[in-house]
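Comments concern the structure below.
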Amino acid sequence: PPQQLVERLKDYGQEHVFAVWDDLSADQRQLLVKDINSLDLPRIDRIIRCSFRSQGLPAALTEPVSESNVSTVEKRTMGERERWWNKGLKAIYEGKLGVLLLSGGQGTRLGSSDPKGCFNIGLPSGKSLFQLQAERILCIQKLTAQSLNEGRSCFTVARPVQWYIMTSPFTDESIRKFFESHKYFGLEPEQVTFFQQGTIPCVSRDGRFIMEAPYRIAKSPDGNGGVYSALKSSGLLEDMATRGIRYLDCYGVDNALVRVADPTFLGYFIESGAAAAAKVVKKAYPQEKVGVFAQRGKGGPISVVEYSELDPSLSSEINQETGRLRFCWSNVCLHLFSLDFLNQVANGLEKDSIYHLAEKNIPSIHGLTAAYKLEQFIFDSFPYAPSVALFEVLREEEFAPVKNAANGTSNLDTPESARLLVLRLHARWVVAAGGFLTHSVPLYATGVEVSPLCSYAGENLEAVCRGRTFHAPCEISF
């Protein structure tokens, strides 16, 4: 092997990657050298050492989030909702909001070889998750233009909402082709930007690289928290600043009810002056397997505590003043960040270099090997925020996760459960707008789908629905 490369690897205790060099063909040797040269070895070594060292350290005491940090549904007035909606629409009209989609995951748990966003959950329209989200952006652009042009003599067009889509090396090509083949679902190609999250070598329990093949190191995506370093290294933070973007709406791909670019949430965020914000839903029951927002120590930073980290006795405690669980605010990966904060956190996370260690069985030259994938999570940024605002939303209106195959071991968070949540919500919209439903199966098992091009959150449906009868299941579009 190249002696200079051997010496470099020795510095980091990784020279074993050349163990079977003599058995490799000339082409395989070239592939191995290229693979090693693609790695930022000092950075990866720092990440491995810092991450291993942080494991097992005592965590700060977990405290509930202060009530002052949370905007609850019951505390919200109609006046506040209208004010936040209008403030958010104005910021979107001025081009201050960018949208960031975390779409690095594959649909393997759904029984699909395609990226999750390509998945069709079985709605009457047959639309994919990507199409539902794209059409919500189109709807917001239309609502924004209508709202800001009311009463004006000359019509001006709102700036297109910029959509940044984070892929992974495993999904990038197929996602780009999917968007191209569907003509970007009506969006302008220029307003959609794809970028890839990074990968990081899988390591053994003693921190050594796992060899997937004699000429290739096993790697995995660096988690959805890899978005921060990916935004920085790709130059997209500068791109956003150049475009005048000041806020970034960030969400995961696998939520069929996600309100992309929600003006109400944006208006609340701007008014709060916080650096970061998250939509939260009430925990359904004490043992629900969800991460919750909490404070690390009295007055400490707000962060997400995974359900496995929360003491069972704490997860069942009741707040005597509110009647809610003391730790009740579930993380559902719906976030807003200021661009200034994103620049700060990208530097902070890179400097600290602490990743979560996920023990997995990794395919290697020795068969399946118990080893670690190193990942960062999107919520790792919250402890860096000088202020965090939490915004409660109703689970049945904004959270329909699509994570598990319908025929799998769980009947939770399946395409079927997500589809029913969408159909039931939209059925309520139609009835509220004066429409009627007929159905040949029980209504709890069906409903109607309202195209996002018709309505974003149930508004403007009277002209379409009043006095009309729809037979469920069906799609209501223009």
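Before moving on, here are some points about what is shown:
- Selection of region 1-13 for residues being of a type in the set (D, E, K, R) and surrounded by 16 or more Cβ atoms within 10 Å (Cβ to Cβ) yields only ARG8.
- Scanning region 37-57 for residues that are in contact with a Pro (Cβ under 9 Å, 6 or more places away or on another chain) and either part of a helix (DSSP H, G or I) or without any contact (Cβ under 8 Å) to a residue 24 or more places away in the chain (or both) turns up ILE44, ILE48.
- Matching residues, region 105-121, being open to solvent by 40 Å² or more (accessible area, probe 1.4 Å), assigned to a loop (DSSP other than H, G, I, E, B) and in contact (Cβ under 8 Å) with a residue 12 or more places away in the chain: GLY111, ASP114, PHE119
- Within region 424-455, the residues that satisfy the criterion of being outside any loop (DSSP other than H, G, I, E, B), out of contact with any Ser or Thr (no Cβ under 6 Å at 6 or more places or on another chain), in contact (Cβ under 8 Å) with a residue 24 or more places away in the chain and hydrophobic (A, V, I, L, M, F, W, C) are LEU425, ALA427, TRP429, VAL430, ALA432, LEU437, LEU443, ALA445, VAL448, VAL450.
- GLY458 within 26 Å of LYS75 (Cα to Cα), assigned to a loop (DSSP other than H, G, I, E, B) and touching a residue at least 24 places away in the same chain (Cβ under 8 Å): yes
- Taken across region 271-280, residues that are open to solvent by 30 Å² or more (accessible area, probe 1.4 Å), in contact with a Phe, Trp or Tyr (Cβ under 7 Å, 6 or more places away or on another chain) and in a helix (DSSP H, G or I) do occur, with at least one present.
- Residue check, ALA389 in contact (Cβ under 8 Å) with a residue 12 or more places away in the chain and open to solvent by less than 70 Å² (accessible area, probe 1.4 Å): yes
- In region 340-376, of all residues being closer than 20 Å to VAL304 by Cα, surrounded by 14 or more Cβ atoms within 10 Å (Cβ to Cβ) and among the small types (Gly, Ala, Ser), the one that is nearest to the chain's Cα centre (by Cα) corresponds to ALA346.
- Residue that is surrounded by the fewest Cβ atoms within 10 Å (Cβ to Cβ), among those in region 393-419 that are closer than 26 Å to GLY226 by Cα and charged (D, E, K, R): ASP413
- Qualifying residue in region 404-417 (condition: more than 27 Å from the chain's Cα centre (by Cα) and either more than 20 Å from GLN131 (Cα to Cα) or assigned to a helix (DSSP H, G or I) (or both)): no
- Unique residue being open to solvent by less than 50 Å² (accessible area, probe 1.4 Å), in contact with a Cys (Cβ under 9 Å, 6 or more places away or on another chain) and under 30 Å from VAL161 (Cα atoms) when the list is LEU97, LEU101, LEU89: LEU101
- Total residues in region 390-419, condition within 17 Å of TYR251 (Cα to Cα) and among the small types (Gly, Ala, Ser): 2
- Within region 234-251, being farther than 16 Å from GLU94 by Cβ and either modelled with pLDDT under 95 or open to solvent by 10 Å² or more (accessible area, probe 1.4 Å) (or both) holds for SER234, GLY235, LEU236, GLU238, ASP239.
- Given (1) open to solvent by 30 Å² or more (accessible area, probe 1.4 Å); (2) assigned by the TED database to the domain that holds ALA230; (3) touching a helix residue (DSSP H, G or I) at 6+ places or on another chain (Cβ under 9 Å); (4) in contact (Cβ under 8 Å) with a residue 40 or more places away in the chain, number of the condition PRO473 does not satisfy: (2)
- Once region 14-53 is narrowed to residues that are open to solvent by 30 Å² or more (accessible area, probe 1.4 Å) and polar (S, T, N, Q), the residue that is nearest to GLN4 (Cα to Cα) is ASN37.
One line per residue, one yes/no per condition, for (1) outside the structural domain of PHE185 (by the TED database); (2) hydrophobic (A, V, I, L, M, F, W, C):
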site	(1), (2)
ARG395	no, no
VAL422	yes, yes
ALA433	yes, yes
TYR444	yes, no
GLU462	yes, no
ARG466	yes, no
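- The residues of region 452-470 that are polar (S, T, N, Q) and surrounded by fewer than 19 Cβ atoms within 10 Å (Cβ to Cβ), listed by number, are ASN460, THR469.
- Flag for ILE378 being in contact with a Leu (Cβ under 7 Å, 6 or more places away or on another chain) and closer than 21 Å to ASN255 by Cβ: yes
The values are calculated or read from the model by the stated rules, or taken from the named source; none is laboratory data. Predicted, not measured: the structure shown is a model, and the values here were computed from it. Backbone-built Cβ (ideal geometry, glycine too); neighbour counts: all protein chains shown. Quick note on the areas: whole protein, heavy atoms, side chains included, nothing else; ligands and nucleic acids left out. Shrake-Rupley method; radii C 1.70, N 1.55, O 1.52, S 1.80 Å.
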